[in-house]
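Beneath this line is the structure, given in structure tokens, with notes to follow.
The values are calculated or read from the model by the stated rules, or taken from the named source; none is laboratory data. The shown structure was predicted, so the numbers you read here are calculated from the model rather than taken from an experiment. All Cβ positions, glycine included, derive from the backbone under ideal geometry; neighbour counts span all protein chains shown. Ligands, DNA and RNA are excluded from the accessible area calculation, which covers all protein heavy atoms including side chains. Shrake-Rupley method; radii C 1.70, N 1.55, O 1.52, S 1.80 Å.
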Amino acid sequence: NAGVMQNPRHLVRRRGQEARLRCSPMKGHSHVYWYRQLPEEGLKFMVYLQKENIIDESGMPKERFSAEFPKEGPSILRIQQVVRGDSAAYFCASSPFRGDQPQHFGDGTRLSIL
Amino acid sequence: KQEVTQIPAALSVPEGENLVLNCSFTDSAIYNLQWFRQDPGKGLTSLLLIQSSQREQTSGRLNASLDKSSGRSTLYIAASQPGDSATYLCAVRPGQAGTALIFGKGTALSVSS
């Protein structure tokens, strides 16, 4: 029973390039959450998605960041025109229901901007 | 605005000690609280989930308690082992928002043999 799968594990981009982070939830989970962990900071919520719907994007920066969770395939977090401040660990979590079930996390994608 | 604080930020103990990690939150209107373990370079492993109506949860050597009215949770680790060395994170799910977890910055635990 595979857990939450994220890839790539490490991603290096130059300033101005695009970064695409992928997340496949646990089998049977239809709710996906993205969090960001900046150096010396705690994890911060970014966006919550269900299949084909963005439910809550209150933690997402207004520009350059977007997320999707298509009917088929993994959830994608896309960062356009990356800047040094985007360097962080990006974690994906999934759960079967909204409230009373634990969220299960992937191993994260470490994004480094040169 | 909900804020989660974990004390201490770091803790070093010899193997075999019982220890307590503390988590406090500013708004008592939470849906549930979850304790995680994070190993270096790894993701988060869920340890215990306490619903707002519960007072405690136990799993093996771990026991987590919740006092909503005072905005506190504690994670008790019995007979600590070097393999327990990791960062322990506390996260609350707010009652209103219902979905996003709000995390503390964690307690970095080191257990020496």
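Against the criterion of solvent-accessible heavy-atom surface with a 1.4 angstrom probe, A:Asp86, A:Asp107 sort, most first, into A:Asp107, A:Asp86.
Backbone phi angles across the stretch A:56-65, fed through the Karplus curve with coefficients 6.51, -1.76 and 1.60 (θ = phi - 60°), yield HN-Hα couplings of 8, 10, 5, x, 8, x, 5, 10, 6, 9 Hz in residue order; Gly and Pro are listed as x. The amide H of B:Gly71, built 1.01 Å from its N in the peptide plane, has no neighbour under 5 Å, considering only residues 5 or more places off or on other chains. Only residues of the stretch A:99-114 count here: report those whose backbone N is under 17 Å from the spot 7 Å along Cα→Cβ of A:Arg84, or say none. Only A:111-114 pass the distance filter.
Taking a straight Cα-Cα cut-off under 14 Å and skipping sequence neighbours fewer than 8 places away in the same chain, the aspartates and glutamates within cross-link reach of A:Lys44 are A:Asp56, A:Glu57, A:Asp86, B:Glu3.
Could you give the distance between the Cα centres of the stretch A:49-100 and the stretch A:14-34, to the whole Å? Measuring centre to centre over Cα atoms gives 6 Å. Ranking A:Arg64, B:Arg72 by solvent-accessible area of protein heavy atoms (1.4 Å probe, all protein chains present), from largest to smallest, gives B:Arg72, A:Arg64.
Backbone geometry of the stretch B:80-91 corresponds, through the Karplus equation with coefficients 6.51, -1.76 and 1.60 at θ = phi - 60°, to 3J(HN,Hα) couplings of 4, 10, x, x, 7, 4, 4, 9, 9, 10, 10, 9 Hz, x marking Gly and Pro.
Count Lys and Arg as plus one, Asp and Glu as minus one, and take only other residues whose Cβ is under 12 Å from that of B:Leu75; the net charge is then +1.
Taken over the alpha carbons of chain B as equal point scatterers, the Debye sum produces base-10 log I(q)/I(0) values at 0.12, 0.13 Å⁻¹ of -0.38, -0.44. Using every pair of separate Cα atoms, the Kirkwood estimate puts the hydrodynamic radius of the protein assembly as shown at 18.1 angstrom.
Between A:Arg64 and B:Arg72, the simple spin-label model (points 7 angstrom out along Cα→Cβ) gives 4.3 nm. For B:Leu49, the shell of other residues with beta-carbons less than 11 Å away shows a net charge of 0, using +1 for Lys and Arg and -1 for Asp and Glu. Note on the stretch B:60-107: Cα convex hull, mean projected area over all directions, 4.4 nm².
Our summary gives the stretch B:1-48 a relative contact order of 33 percent, counting only alpha carbon pairs under 8 angstrom and 6 or more residues apart. Taking a quarter of the surface of the Cα convex hull of chain A gives a mean projected area of 6.9 nm².
With the highest mean first, a sort of the peptides A:20-27, B:35-42, A:32-39 on other beta-carbon atoms found within 10 angstrom per residue produces A:32-39, A:20-27, B:35-42.
For A:Met5, the solvent-accessible surface computed with a 1.4 Å probe is close to 100 Å², ligands and nucleic acids excluded. Over chain B, Cα pairs under 8 Å with separation of 6+ residues give a relative contact order of 37 percent. For chain A, relative contact order (Cα pairs under 8 Å, six or more residues apart, normalised by length) works out to 37 percent. When B:Leu89, A:Leu114 are compared by accessible area at a 1.4 angstrom probe, the order from most to least is A:Leu114, B:Leu89.
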